[in-house]
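Working notes, structure below.
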Amino acid sequence: MSTEHLVPEDLRQLYHVKEWRNATGVLQTAAPEEWAEIVQILRNFRLLRSEVTTAGGAKSPIAGRIDKAFYDKGWVERKFETKIEVDDNSYETPTHSVDCFKGRVGVEVEWNNKDPFYDRDLNNFRLLFDLRVMDVGVIITRSTELQTIFKALGKGASYGASTTHHSKLWPRLEGGGGGGCPVLTFAIRPALYVED
């Protein structure tokens, strides 16, 4: 049985929500403080027209603002130094950095990257779960339906079909891309858009 119903109803109206391996139940019971902070940050977020129309760079102002909301609550960007030892040989296998990490919860914000970034994130979640340093992963991304807004703002080309949106994420999630790691995804819907 899915535990997706544990996501508050107001968030399910603002985001497309999907989970893998009862991630919501894991968050609510094993990481209640982190879960409460995720809920609060997602409730407070609004997609601002001014940020959508701002030219991109290394990190969009949208992703930067979400990251900052987590950092302000004590979450940190985290990279794990790992290695495999076989007899007398040691092989370095560092992980990719997780955007926001606290306790045993990792959050990735994928606003407008190339869609293979989802493979990287899910594989990283799988590895960290298998190494027993993470209990659950969360991905915050955008919904495919936002493309209508982007086109109306003349930004449609900036948010192409091969970039990160939930229609590219869910098949990877359902295909087991995160392995045994419970994963919860939130895709920002047009209901969050504000003409500021």
- In segment 167-185, residue surrounded by the fewest Cβ atoms within 10 Å (Cβ to Cβ) [restricted to those that are among the hydrophobic types (A, V, I, L, M, F, W, C) and in contact with a helix residue (DSSP H, G or I) (Cβ under 6 Å, 6 or more places away or on another chain)]: Cys181
- Message: Exactly one condition in (1) closer than 21 Å to Phe45 by Cβ; (2) surrounded by fewer than 23 Cβ atoms within 10 Å (Cβ to Cβ); (3) modelled with pLDDT under 95 is false for Thr164; which is it?
- Response: (2)
- Item | Subset tally (residues that are in a helix (DSSP H, G or I) and either modelled with pLDDT of 95 or more or of a type outside the set (A, V, I, L, M, F, W, C) (or both)) for segment 35-60 | 13
- Count of segment 81-118 residues which are among the charged types (D, E, K, R) and surrounded by 12 or more Cβ atoms within 10 Å (Cβ to Cβ): 7
- Item | segment 140-153: number of residues that are free of Cβ contacts under 8 Å to residues at least 40 places away in the same chain and either of a type in the set (Gly, Ala, Ser) or in contact with a Lys or Arg (Cβ under 7 Å, 6 or more places away or on another chain) (or both) | 1
- Task: Considering only segment 141-182, state which residues are among the aromatic types (Phe, Trp, Tyr) and within 24 Å of Ile38 (Cβ to Cβ).
- Result: Trp170
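Here's the yes/no breakdown for (1) in contact with a helix residue (DSSP H, G or I) (Cβ under 7 Å, 6 or more places away or on another chain); (2) under 19 Å from Leu192 (Cβ atoms):
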site: Val76; (1), (2): no, no
site: Glu108; (1), (2): yes, yes
site: Phe117; (1), (2): no, no
site: Met134; (1), (2): yes, no
site: Gly156; (1), (2): yes, yes
site: His165; (1), (2): yes, yes
- Is it fair to say Ile84 is among the aliphatic types (A, V, I, L, M) and in contact (Cβ under 8 Å) with a residue 12 or more places away in the chain? no
- Kindly indicate the residue of segment 25-63 that is of a type in the set (S, T, N, Q), within 25 Å of Asn113 (Cβ to Cβ) and over 18 Å from the mean Cα position of the chain (by Cα) and also surrounded by the fewest Cβ atoms within 10 Å (Cβ to Cβ) among those meeting that condition. Ser50
- Item | Answer residue from segment 170-184, given it is in contact with a Gly (Cβ under 9 Å, 6 or more places away or on another chain) and in contact (Cβ under 8 Å) with a residue 60 or more places away in the chain and is farthest from Arg142 (Cα to Cα) among those | Cys181
- Residues satisfying the stated conditions in segment 1-20, i.e. crowded, with 19+ Cβ neighbours inside 10 Å and either out of contact with any Ser or Thr (no Cβ under 9 Å at 6 or more places or on another chain) or in a loop (DSSP other than H, G, I, E, B) (or both): Val7, Leu14
- Query: In segment 94-106, which residues are without any contact (Cβ under 8 Å) to a residue 40 or more places away in the chain and touching a helix residue (DSSP H, G or I) at 6+ places or on another chain (Cβ under 8 Å)?
  - Reply: Thr95, His96, Val98, Asp99, Cys100, Gly106
- Task: Could you tell me whether any residue of segment 136-145 is under 22 Å from Leu192 (Cα atoms), surrounded by fewer than 18 Cβ atoms within 10 Å (Cβ to Cβ) and of a type in the set (D, E, K, R)?
- Result: yes
- So, in segment 93-124, of the ones that are modelled with pLDDT of 95 or more and touching a Phe, Trp or Tyr at 6+ places or on another chain (Cβ under 7 Å), which residue ends up farthest from Gly74 (Cα to Cα)? Glu110
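The values are calculated or read from the model by the stated rules, or taken from the named source; none is laboratory data. For clarity, every value in this text was computed on a predicted model and none was experimentally measured. All Cβ positions, even for glycine, are placed from backbone atoms using ideal geometry, and neighbour counts span all protein chains on display.
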